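The values are calculated or read from the model by the stated rules, or taken from the named source; none is laboratory data. Given the structure is predicted, the values throughout are model-derived calculations rather than measurements. Quick reminder, even Gly has a Cβ in these numbers, built from the backbone with ideal geometry, and neighbours come from all protein chains shown. Accessible surface is based on the protein model in full, side chains and every heavy atom, while ligands, DNA and RNA are left aside. Shrake-Rupley method; radii C 1.70, N 1.55, O 1.52, S 1.80 Å.
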Amino acid sequence: MKRLSIFYLFLGFLAYGQQYTKSEKSRIMEGEITTPLPIFQKEDSLQHKVLLAKSIKVKPRNRYTKILVNRMKLALLSTKSGVGIAAPQVGINRNIIWVQRFDLPQKPLHYFLNPVITWKSEILNLGPEGDLSIADFRDQFYRSKVIQLKYEDLNSKKHIEIIEGFTAVIVQHEIDHLFGILISDKIKEQKNKNFQPVQTYQEVVK
């Protein structure tokens, strides 16, 4: 019975995210914490390994999570033209992303903790994508037009949203990063698939 209790405690520990490691804390706190963290690049072999690693859950109510979230936002803003960033891109394999919300007024930046796509449309969008971690790379990618996203905020509050359009594309791109998927590799897989155009309709209101 005691072993069973320990087992369930272990499962709970995994479900709610592991504590930050010493190296993660060091990375999050390096330099001045009110400045952006440097963005990892594929061209650097050690940084590339981090970008290819799968991320794990994060504890929302944690001081390091809050600092990491803020420094990720600053990193994204420092790029001037970036529209999204994932924690692996600043060297931390944790499930955190920032996305510019083109689907909302004033197009604000929005963070998502432990984001999970619970549904996505079969109808796809085809459009250009680049990556902050891959210099001089841009190509056309297929992404679902509409997704349903489950995520948490820094207060551990859970949210479910339907997101569509270009914002849905950005979310899918950043969540790929959490699985160690880079668009430079994704394009190779995409070329082995077949896609066909479909016709859609919109009601005419007289």
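Numbers at a glance
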{"read-out": "Net charge of neighbours whose Cβ lies under 9 Å from the Cβ of Y64, counting Lys and Arg as +1 and Asp and Glu as -1", "value": "+3"}
{"read-out": "Entries in K22/K158; K158/K206; K22/K188; K73/K120; K107/K150 that, when Cα-Cα distance is taken, lie over 30 Å", "value": "K158/K206; K22/K188"}
{"read-out": "Positive-end residue of I187, G31, S78, charge dipole of the chain with Cβ unit charges", "value": "G31"}
{"read-out": "Derived scalar couplings ³J(HN,Hα) [region 80-90; Karplus, 6.51 cos²θ - 1.76 cosθ + 1.60; whole Hz; x for Gly, Pro]", "value": "6, 10, x, 10, x, 8, 10, 3, x, 6, 10"}
{"read-out": "Within the chain, percent of DSSP bridges classed antiparallel, to nearest 5", "value": "95 percent"}
{"read-out": "Average projection area in nm² (convex hull over Cα atoms of region 106-186, one quarter of hull surface)", "value": "6.0 nm²"}
{"read-out": "Most mobile listed residue (I97, I28, I117) in the chain, GNM with C-alpha springs under 10 Å", "value": "I117"}
{"read-out": "Choice from A75, A135, A53 with maximal GNM fluctuation in the chain (Cα, 10 Å cutoff)", "value": "A135"}
{"read-out": "For region 42-55, Karplus couplings with θ = phi - 60° (6.51, -1.76, 1.60), whole Hz, Gly/Pro x", "value": "4, 5, 8, 4, 5, 5, 4, 4, 5, 5, 8, 7, 7, 8"}
{"read-out": "Pairwise FRET efficiency - S45 versus I162, Cβ, R0 = 41 Å, nearest 0.05", "value": "0.55"}
{"read-out": "Check: the chain dipole with +1 on Lys, Arg Cβ and -1 on Asp, Glu Cβ, in debye", "value": "860 debye"}
{"read-out": "Sites D136 and L109 - FRET efficiency at Förster radius 30 Å, r taken between beta-carbons, to 0.05", "value": "0.75"}
{"read-out": "All-pairs alpha carbon distance profile, the chain, 5 Å steps from 0, percent", "value": "1, 7, 14, 18, 19, 15, 11, 7, 4, 3, 1, 0, 0, 0, 0"}
{"read-out": "For region 31-115, average projected area of the Cα convex hull in nm²", "value": "6.2 nm²"}
{"read-out": "Karplus-derived HN-Hα couplings along region 91-101 (A = 6.51, B = -1.76, C = 1.60, θ = phi - 60°), whole Hz, x at Gly and Pro", "value": "x, 10, 7, 10, 7, 9, 9, 10, 9, 7, 8"}
{"read-out": "Gaussian network model of the chain, Cα within-10 Å springs - most flexible of K188, K73, K150", "value": "K188"}
{"read-out": "Gap separating the Cα centres of region 133-155 and region 173-202, nearest whole Å", "value": "10 Å"}
{"read-out": "Accessible carbon and sulfur surface of region 100-143 relative to its total accessible area, %, 1.4 Å", "value": "53 percent"}
{"read-out": "Pairwise FRET efficiency - Y201 versus V116, Cβ, R0 = 25 Å, nearest 0.05", "value": "0.20"}
